[in-house]
Amino acid sequence: MEKKQIDWDNLGFAYIRTERRFVANYKDGAWDAGGMTDDANVVINECAGVLQYSQSCFEGLKAYTTEDGRIVTFRPDLNGQRMEDSCRRLEMPVYPKEKFVDAVTETVKANAAYVPPYGSGASLYIRPVMFASGPVIGVKPADEYQFRIFATPVGPYFKGGIKPLTIRISDFDRAAPNGTGHIKAGLNYAMSLHAIVDAHKQGFDENMYLDAASHTKVEETGGANFIFVTKDQKVVTPKSDSILPSITRRSLMHVAKEYLGLETQEREVFKEELADFAECGLCGTAAVISPVGKIVDHGTEICLPSGMADMGPVTKKLYDTLTGIQMGRIKAPEGWIQEIR
């Protein structure tokens, strides 16, 4: 298929409308068959549950052009499972992960002309979203829902190269124990917006949130998980029931152990440990890994040995290996890559 005439090398990380999207509706206790549409607009009742009580969840994944010219997605089954988990927690009807993967495939196939070419650093960002479309005024779940998947071509998250971030330990709480921090609910991200805007005003790139109960343990940022590297090259990620189970983080931990032969640990990480780590990174779909060079704890600077110039050596190996798997340069574990045909 002939690609769209887009300046792929200069794409930003922003929404560009593509031609086709998948839509399915839930009504009278069942999902319809769903299908592709050209209409990018959503028309809902003014009393829709998503507007009244924020009943919504979403996912994010990418499609890539590999080195040998194939179009692939990365572990979409895990996105489907996570959306199932989000729906159950929010009392929304589950859209089965098998149908989720089929809908992702259909959406990418319909927008194949927008998948950036290999070597451009760009990708097709895929956004599945579900929301309560039926009217509801009492505080209860709605009766009608819509599931959509749209796609948009995006450039690399870091234009001009990856530079280590300066982050702060936040006084705000991201998620409460027994709350919704472990699911990808839209309301979690709305709650983080004030904190990130405030961080930017103060000159920081991101927030590090601690656990809400004791403010002693590291959790995550507003939209990414943490990965740390110890001075003896162990790869550590925080463990908590209120952390979102990042697909990128889980994949990186597998890469660290099985591809790089490093010891991995998923455990509680205490604030007092931060000065002892050699490297730190934020991991997620958009950037894969964003290196952190400095953590500021209410005026006290914790400068990581990896520095503010480049990615740390272990973080760089993790990044290169995972992106190599995604782009087809390195053999993937069974089931990680789904080819779009």
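The values are calculated or read from the model by the stated rules, or taken from the named source; none is laboratory data. As the structure is a prediction and not an experimental result, all values here were calculated from the model. For neighbour counting, all protein chains shown are included, and Cβ atoms are generated from backbone atoms with ideal geometry for every residue, glycine included. These area figures cover heavy atoms from the full protein model, side chains too; ligands, DNA and RNA do not enter into them. Shrake-Rupley method; radii C 1.70, N 1.55, O 1.52, S 1.80 Å.
Structure values in brief
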| item | result |
| --- | --- |
| Selection within the stretch 119-145 - modelled with pLDDT of 95 or more and either surrounded by fewer than 17 Cβ atoms within 10 Å (Cβ to Cβ) or out of contact with any helix residue (DSSP H, G or I) (no Cβ under 9 Å at 6 or more places or on another chain) (or both) | TYR125, ARG127, PRO135, ILE137, GLY138, VAL139, LYS140, PRO141, ASP143 |
| Subset of the stretch 180-199 (residues that are under 20 Å from ILE247 (Cα atoms) and either open to solvent by 70 Å² or more (accessible area, probe 1.4 Å) or part of a loop (DSSP other than H, G, I, E, B) (or both)) | THR180, GLY181, HIS182, ILE183, LYS184 |
| The stretch 249-269, subset basic (Lys, Arg) and free of Cβ contacts under 8 Å to residues at least 40 places away in the same chain, residue nearest to GLY203 (Cα to Cα) | ARG249 |
| Residues of the stretch 73-98 classified as within 24 Å of GLY49 (Cα to Cα), surrounded by fewer than 20 Cβ atoms within 10 Å (Cβ to Cβ) and among the charged types (D, E, K, R), total | 6 |
| Only one of ILE302, ILE247, ILE337 that is aliphatic (A, V, I, L, M), closer than 30 Å to GLY69 by Cα, touching a helix residue (DSSP H, G or I) at 6+ places or on another chain (Cβ under 8 Å) and surrounded by fewer than 23 Cβ atoms within 10 Å (Cβ to Cβ) | ILE337 |
| The stretch 1-59, subset without any contact (Cβ under 8 Å) to a residue 40 or more places away in the chain and of a type in the set (A, V, I, L, M), residue most open to solvent (accessible area, probe 1.4 Å) | VAL43 |
| Subset of the stretch 305-334 that is open to solvent by less than 40 Å² (accessible area, probe 1.4 Å) and hydroxyl-bearing (Ser, Thr, Tyr) - its residue that is nearest to ARG75 (Cα to Cα) | THR323 |
| Filter result for LYS257 (modelled with pLDDT of 95 or more and either farther than 30 Å from ILE71 by Cβ or touching a helix residue (DSSP H, G or I) at 6+ places or on another chain (Cβ under 8 Å) (or both)) | no |
| Of all residues in the stretch 200-218 being open to solvent by less than 10 Å² (accessible area, probe 1.4 Å) and in contact with a Gly (Cβ under 9 Å, 6 or more places away or on another chain), the one that is farthest from GLY299 (Cα to Cα) | TYR209 |
| Residue within the stretch 158-179 that is within 28 Å of PHE22 (Cα to Cα) and modelled with pLDDT of 95 or more present | no |
| Selection status of THR221, closer than 27 Å to GLN326 by Cβ and in contact with a Phe, Trp or Tyr (Cβ under 8 Å, 6 or more places away or on another chain) | yes |
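Rundown of residues vs (1) free of Cβ contacts under 8 Å to residues at least 60 places away in the same chain; (2) over 25 Å from TYR157 (Cα atoms); (3) touching a strand residue (DSSP E or B) at 6+ places or on another chain (Cβ under 9 Å), yes/no style:
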position: GLU219; (1), (2), (3): yes, no, yes
position: VAL235; (1), (2), (3): no, no, yes
position: ILE247; (1), (2), (3): no, no, yes
position: LYS271; (1), (2), (3): no, yes, yes
position: LEU274; (1), (2), (3): yes, yes, yes
position: CYS283; (1), (2), (3): yes, no, yes
position: GLY293; (1), (2), (3): no, no, yes
position: VAL296; (1), (2), (3): no, no, yes
